[in-house]
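No lab work stands behind these numbers, since they all come straight from the coordinates. It should be emphasised that the depicted structure is a prediction, and the values quoted were computed from it without experimental measurement. Positions of Cβ are generated from backbone atoms using ideal geometry, with glycine treated the same way; all protein chains shown enter the neighbour counts.
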Amino acid sequence: MYRGVAYAVLRAGIDPTDAGPVADVARNVTLAVTRSHCMVDGEDASTAIRGPEVTGAVSAVAANPEVRLEMVARQRAWVLERGGGVMEGRDIGSVVFPDAELKVYLTASPEVRARRRAAEDPGVNVDSVAADIRRRDEADSSRDASPLVAADGARVMDTSELTVDGAVDAIVEMFR
């Protein structure tokens, strides 16, 4: 959702650090997020939200307290509409759903995360992506509004040596 807002902000030509206009975009943008797609105002932005422009802007957008309020409300509504669900995000267990039945804090080294991204998009530079990941982790961990932290009661799981299926299996086992 935050990447979708960042995409909409950039598309509108708004500076991602301009708090008021960015918050207005967050309140007014139409977002539809599924397992495989992110629709922003009816446009499939699934690929664009993973690009370098959005990656460079998303931390500033996500640090905006008014954006966070709007996105938290939308995330909670998404779960209510479905009667539950599985969600991922940098503050899902600490802010959005602090009373979740199961909270898992996934981690992997920036290098592993960068190689995974490169496997999805062979055109990316692994070293550059790893540097971006480190920068974003630092920015998100030190922001005032909903910083990136392992939530109270979360089970920390390093996925550096796991496949996606291996991570899913481990989480399902935790849930049982």
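A compact table of results
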quantity	calculated
Net charge of neighbours whose Cβ lies under 15 Å from the Cβ of G51, counting Lys and Arg as +1 and Asp and Glu as -1	-1
Simple spin-label estimate for D44 and L102 in nanometres, 7 Å along Cα-Cβ	3.1
Antiparallel %, DSSP beta bridges [both residues in the chain], to 5	55
Equivalent ellipsoid, the chain (semi-axes from 5 times Cα gyration tensor eigenvalues, Å)	25, 21, 16
Relative contact order for the chain, counting Cα pairs under 8 Å that sit 6 or more residues apart, in percent	20
Built amide H within the under 5 Å cut-off of C38, gap 5+	A45, S46
Lys, Arg +1 and Asp, Glu -1 on Cβ, resulting dipole of the chain about Cα centre, debye, nearest 20	140
Solution diffusion estimate, µm²/s, Stokes-Einstein, region 83-176, Kirkwood Rh from C-alpha pairs, 20 °C, viscosity 1.002 mPa s	147
Vicinal HN-Hα couplings computed from phi for region 52-59 (Karplus, 6.51 cos²θ - 1.76 cosθ + 1.60; Hz; Gly/Pro x)	x, 5, 5, 4, x, 9, 5, 5
In order through region 85-91: 3J(HN,Hα) via Karplus (6.51 cos²θ - 1.76 cosθ + 1.60), integer Hz, x for Gly, Pro	x, 10, 10, 10, x, 6, 9
